[in-house]
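Everything below concerns the one structure shown next.
What follows is calculated from the coordinates using simple rules that are stated; it is not laboratory data. Everything numeric in this text was worked out from a predicted model, so none of it was measured. Every residue, glycine as well, gets a Cβ built from its backbone with ideal geometry; the counts of neighbours run over all protein chains shown.
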Amino acid sequence: MDAVFRALADPTRRRILDALFAQDGQTVGELCARFADEMTRFGVMKHLGVLEEANLVVTVRDGRHKRLHLNPVPIEQVANRWISKYAGRFTAALVGLQQQVEDPPPVDRQEHA
């Protein structure tokens with residue numbers, strides 16, 4: 001899980017994952033073109049290496065091209081292990097509060113008349 005946290009800690013890597021979420025199976029060239037204004041191909045490849053190490057991106061050979069696929073399983077594992085564990089206690093209370101704010105109990109008009 002350390003590799004997943006390290007990979008997700010960088011905003012550029014999160015944007016790469018977002019790009020793959022929007023269009024899975026992009027070639028390395030297509031992905032590099034999306035980030036051409038911000039970094040070199042080498043920079044994108046370096047980030048992809050970290051994402052692959054964390055198993056967040058899977059590379060599949062397609063002839064002469066490499067296709068990149070998002071693997072959401074490690075993110076789900078992090079969510080199940082860490083986020084839901086700590087958030088579980090508070091989410092029920094917050095949902096109840098939200099319901100009270102959005103749907104307040106009806107006011108008895110007889111009492112205010």
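Checking the stated criteria, Leu70 turns out to be in contact with an Asp or Glu (Cβ under 7 Å, 6 or more places away or on another chain), among the hydrophobic types (A, V, I, L, M, F, W, C) and free of Cβ contacts under 8 Å to residues at least 60 places away in the same chain.
When only residues in region 52-79 that are in a loop (DSSP other than H, G, I, E, B) and among the aliphatic types (A, V, I, L, M) count, which is surrounded by the most Cβ atoms within 10 Å (Cβ to Cβ)? Walk me through it before giving the result.
Just the residues of region 52-79 that are in a loop (DSSP other than H, G, I, E, B), to begin with: 54-56, 63-64, 71-72.
Add one more test, that the residue is among the aliphatic types (A, V, I, L, M), and what stays is 54, 56.
Values: Ala54: 20, Leu56: 24.
Ranking the candidates gives Leu56 first.
The set of residues in region 36-51 being within 21 Å of the chain's Cα centre (by Cα) and part of a helix (DSSP H, G or I) consists of Gly43, Val44, Met45, Lys46, His47, Leu48, Gly49, Val50, Leu51.
Considering only residues in region 12-35 that are of a type in the set (Val, Ile, Thr) and within 14 Å of the chain's Cα centre (by Cα), the one that is nearest to Pro74 (Cα to Cα) turns out to be Ile16. Taking the criterion of being surrounded by fewer than 16 Cβ atoms within 10 Å (Cβ to Cβ) and either in contact (Cβ under 8 Å) with a residue 12 or more places away in the chain or closer than 21 Å to His65 by Cα (or both), the residues of region 35-51 that qualify are Ala36, Glu38, Met39, Thr40, Arg41, Phe42, Gly43, Met45, Lys46, Gly49.
I'd like to verify a number: residues in region 9-19 that are buried (at least 18 other Cβ atoms within 10 Å of the Cβ) and not β-branched (Val, Ile, Thr), how many? Write out each step before concluding.
Of the residues in region 9-19, the ones buried (at least 18 other Cβ atoms within 10 Å of the Cβ) are 13, 16-17.
Then keep just the ones that are not β-branched (Val, Ile, Thr); that gives 13, 17.
Of the residues in that region, 2 qualify.
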